[in-house]
1. Add -39500 (n - 2.57) for each DSSP H run of 4 or more in the chain, then divide by its residues: what number comes out at 222 nm, to the nearest 500 deg cm²/dmol?
2. Around residue 90, what is the net charge, scoring Lys/Arg as +1 and Asp/Glu as -1 over all other residues with Cβ under 15 Å from its Cβ?
3. Indicate the gyration tensor shape class of the chain (rounded, prolate or oblate), computed on the Cα atoms with a ≥ b ≥ c the square roots of the eigenvalues: a/c under 1.5 is rounded; otherwise a/b larger than b/c is prolate and the rest oblate.
4. With respect to the cross-link table entries 65/153; 94/139; 130/211; 97/221; 164/221, which display a Cα-Cα separation exceeding 26 Å?
5. Under 5 Å between amide hydrogens, which residues at least 5 positions from residue 192 or on another chain qualify, with H placed 1.01 Å from N in the peptide plane?
6. Using Stokes-Einstein with the Kirkwood hydrodynamic radius over Cα pairs, what translational diffusion coefficient do you get for segment 16-203 at 37 °C and a viscosity of 0.692 mPa s, in µm²/s rounded to a whole number?
7. Can you compute the charge dipole magnitude of the chain about its Cα centre, using +1 on each Lys and Arg Cβ and -1 on each Asp and Glu Cβ, nothing else charged? Give it in debye, rounded to the nearest 20.
8. Within 10 Å, at most 12 other Cβ atoms, and a DSSP state outside H, G, I, E, B define an exposed site. Report the longest part of the chain free of exposed GluC sites (Glu not before Pro).
Amino acid sequence: MTGPAKRVAPIPTPLNREVEYLDVQRSPTVLCYGVGVDSTALLIELVSQGRKPDLVLTADPGAEKPETYAYLDLMRDWMKQRDIEFHVVRYVTKRFKNYPPYADLAGSLLTNGCLPSIAFGRSSCSLKYKAAPQESFIKTWKPAIDAWARGDKVIRYIGYDAGKRDSQRYSHAVTIEDPLFDNSYPLRLWGWDREACENRIRAEGLPVPPKSSCVFCTAMKPDEVRALPDYWLRMIVLIEARAAPRLRTVEGLWRRATRTRPGRMTDFIRTEKLLPEADIEAIIASAPTSLVRFQEQASHQPVEARPTLETWLERFHTQDGRITA
Ligand code: SF4
């Protein structure tokens, strides 16, 4: 007589590291919410399936578009109504050497006279200002600490969709072994591309969010730059003017000119008359010099007595870039 057939354990392959639906109850779940189309659709659908994440985190580099912050407020309320734990996290610079203290990625670029690493084809700005603060928060989150203590991993939901571009990112991400996290890509299991995500958001009665990125990111499209408020247009001109003396391999935030746009966003802002020509010239002529002088004066004071970069930026914006001291 033969007994019941024995269950054969599946042979481990990289894909077996995907977390199956039935497993999600055993470990705490975190959604890294980027406020874009994919992660918004993912959040909505997980909740509607009764798989509410235990924690939702958004990393704020301090330079998202105003529409993205408005959308974040909308989703903050949406999550609150569903009793979802949600936090905005930020990378906090602690060591300023001799520089005036600054608070965000734009401050770092202006202080160091550089462009975000994405402009050079690297991704350390995203790792530092988005991935790292989320991981730091999770490392202090009790459900994660308890899970790691009993040998489990935290399940991290990532909103890569089933489209071509995210498929490439997924192919790379899935090869990376993480001792603390099991990454889960539900949109891919559902076969949802960008359009399916947009439809799911609309079906929830919510507007489709704008593409989220820093306003000075190389990934910004010309139409997105056109829509920026003067505050950020002036900041872009300032960032490129401040970094210009050190640029060797790229022309500006858009790297190099293409058929559809110049390498410098400043040139685009000028050609499109998004700011008055005189304001652009004034920023380029006086602001970087004024900023460096401000930094030098601050460097003689102990860090707790130094004026912050914010104090200089307030003067820069109230004087439309015509700043000389
Ligand atoms: S959005 Fe762009 S500039 Fe901002 S952190 Fe990410 S890659 Fe860097």
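1. Using -39500 (n - 2.57) per qualifying helix, the result is -12000 deg cm²/dmol.
2. On the way: positive: 94, 128, 130; negative: 60, 64, 104, 135, 310.
Charge balance near residue 90 sits at -2.
3. It is prolate, given that a/c is not under 1.5 and a/b is the larger ratio.
4. The answer is 65/153; 97/221.
5. HN-HN under 5 Å from residue 192: 162.
6. Values: Rh = 17.8 Å.
Using the Kirkwood radius from Cα pairs, D works out to 185 µm²/s.
7. Numbers: 47 positive and 41 negative charges, 176 e Å.
The dipole magnitude comes to about 840 debye.
8. In short, 21-176.
Bear in mind that the values in this text are calculations on the coordinates, not laboratory data. The shown structure was predicted, so the numbers you read here are calculated from the model rather than taken from an experiment. Don't worry about glycine lacking a Cβ; one is built from the backbone with ideal geometry, like all the others, and counts go over all protein chains shown.
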